[in-house]
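Asks: Sharing a structure here in structure tokens format.
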Amino acid sequence: MAGILEGSTAPSSTHGGYPRGKRSSLLYPRRVSQREVQLPPPPWRGAVRSTKGTGPRWEPGPSCGSHQLPARPPQVPTSSPVVTHEGETLPWEQTALAGIPSPPGEGHHTPLVAAPAAGRRQGRKAAGLAPSPLPGARVERGAAVTARALALQPPAFGFLFDIDGVLVRGSQVIPAARDAFRALSDGDGQLRVPVVFLTNAGNCLRKAKAEELSHALGLQVSPEQVILSHSPLRLFSEFHHKCVLVAGQGPVEENARNLGFKHVVTIEALRKAFPLLDMVDQSRRPKELPPPTTDFPTIEGVILFGEPVRWETSLQLIIDVLLSNGNPGAELEDIPYPHLPVLACNMDLLWMAEAKMPRFGHGTFLLCLENIYKKVTGRELKYEALIGKPSTVTYRYAEYLIKQQAEKQGWKAPIRRLYAIGDNPMSDIYGANLYNSYLKSAQQNQVEAAVKRSPVAASAQTEDQPEQREDCNISMESCESILVCTGVYRHNAEAPGNPEECVTETVFHGHRDFCFDPSLVEASYVVQDVHDAVQLAFKKENWS
């Protein structure tokens with residue numbers, strides 16, 4: 001996997017310091033480039049913006065006509081998977097991506113050869129397809145044959161669903177979500193297509209989130225179908241035996257142990273051991289001077305699971321741990337740099353609940369932490385890993401679970417395409433487009449590796465080819481992004497008066513360590529809700 005990432009072109013990063021203009025869309029991120037256009041007003045349920053051909057256009061849905069948009073040349077994102085604020089590829093991306101095994105048999109294809117009729121019928125049965133008719137049997141014609149074939153055809157695609165703003169708003173289910181999953185299920189309530197729920201939420205257990213989704217959608221969702229923002233942390237085994245401080249809310253300690261971490265210290269445990277560190281809330285200050293703590297373990301890393309409840313306490317204690325090199329009870333001497341490893345999950349600045357406006361997310365807490373650390377030390381806070389959408393490692397993990405799910409269902413056809421449905425351009429759409437760019441880069445490396453392995457190039461083989469050969473089993477072709485208008489994104493947001501100035505008039509809501517590329521926040525398609533998104537994917541896949 002490292003061979004693929006090294007072959008990518010890394011764009012320069014901007015520290016998130018994107019130029020500001022006279023006006024800004026502060027609450028609702030929008031597509032931003034000189035090609036931005038005013039979206040048509042409702043009613044437009046089912047309309048989708050397609051980027052195929054020479055320019056985007058609105059394709060008609062169940063209840064709307066088409067709207068021709070100005071043509072523009074197609075643009076292919078060229079960004080590398082993830083870069084640091086210094087423009088370097090993150091080493092943990094390479095390690096984590098390489099740590100995800102490929103499903104058995106991926107990348108190996110059996111050549112098609114002529115076989116006896118009986119063998120062909122058994123082969124079709126093993127592949128999950130309808131058997132070919134026996135001699136003398138009545139053959140159905142026309143639409144009946146097409147419908148029956150599509151019903152028995154194993155899927156070659158899967159769905160990645162965001163949750164908040166797509167399926168639910170806080171505790172309320174979005175009506176279109178149940179319609180979407182009725183279309184995805186068969187008569188027995190079983191999913192006909194592999195599905196993974198990909199959310200940046202992290203203050204709960206996978207099992208609890210699966211039960212919540214089962215109740216909301218009216219079908220059985222297993223924990224293996226749920227990826228929380230911190231789920232890929234199980235790949236970072238080099239930290240599992242270190243003593244780590246965990247911050248967030250909910251069952252953070254249980255989450256950490258379930259992910260493989262053996263020595264866990266919570267913010268609350270640290271505050272009780274060193275009560276003099278937490279001084280903002282005067283009611284929690286100790287009335288008497290406590291005895292010194294002597295047997296507290298040295299902290300070797302910090303894991304940020306999600307936004308905490310008492311921000312001032314978490315910010316103070318995390319900074320104390322970083323400045324003291326893991327010994328917050330000691331006197332401050334020289335400030336260590338580089339500081340202790342910091343792993344952060346969920347970079348969303350905003351998220352959508354029942355309120356009319358978006359709410360602060362964990363990305364806002366990270367922004368506070370980064371700025372406090374820089375103000376105190378004069379140096380940048382650096383992350384050992386950034387996990388959750390839009391991180392590439394999260395989508396690679398989702399792809400692995402999609403293929404694993406298809407294998408358990410006995411669907412023999414390889415999964416070739418993913419449809420990622422979300423409401424937040426800066427996490428859902430950015431992440432899906434970033435992963436699509438990664439897949440295209442991987443395919444290019446696969447072609448180049450095949451050329452190097454050819455007999456003509458045998459004499460020119462190099463030592464790094466075994467690493468490239470490991471990456472040649474990538475079979476996923478694309479990850480299409482579909483933006484819905486039921487959450488953070490609003491299709492009726494005011495467009496800038498002068499399209500040439502729209503780039504400088506938009507606030508970048510992404511994380512500091514992700515460079516801003518306008519093409520990556522442009523969804524492949526824009527639809528009204530998740531039901532329309534599913535119907536769009538069915539139409540593209542010729543699926544019913």
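The values are calculated or read from the model by the stated rules, or taken from the named source; none is laboratory data. Remember, it's a predicted structure, so these values are computed and weren't measured experimentally. Because the Cβ atoms are built from the backbone with ideal geometry, glycine has one as well, and the counts that use them run over all protein chains shown. All accessible areas refer to the heavy atoms of the entire protein, side chains included, with ligands and DNA or RNA removed. Shrake-Rupley method; radii C 1.70, N 1.55, O 1.52, S 1.80 Å.
Asks: Could you list all residues from the stretch 401-428 that are in a strand (DSSP E or B) and hydrophobic (A, V, I, L, M, F, W, C)?
Replies: At the first step, the residues of the stretch 401-428 found to be in a strand (DSSP E or B) are 417-422.
The answer is Leu418, Ala420, Ile421.
Asks: So Phe261 fits all but one of (1) in contact (Cβ under 8 Å) with a residue 60 or more places away in the chain; (2) assigned to a loop (DSSP other than H, G, I, E, B); what number is the exception?
Replies: Among (1) in contact (Cβ under 8 Å) with a residue 60 or more places away in the chain; (2) assigned to a loop (DSSP other than H, G, I, E, B), the lone unmet condition for Phe261 is (1).
Asks: Within the stretch 270-282, take every residue that is open to solvent by less than 90 Å² (accessible area, probe 1.4 Å) and more than 15 Å from Asn327 (Cβ to Cβ) and give me the one that is nearest to the chain's Cα centre (by Cα).
Replies: Once the filter is applied, the top-ranked residue is Arg271.
Asks: Taking Val168 as the residue in question, decide whether it is under 24 Å from Gln409 (Cα atoms), at pLDDT 90 or above and within 22 Å of the chain's Cα centre (by Cα).
Replies: Values: under 24 Å from Gln409 (Cα atoms): no; at pLDDT 90 or above: yes; within 22 Å of the chain's Cα centre (by Cα): yes.
No; evaluated as a whole, the condition is false for this residue.
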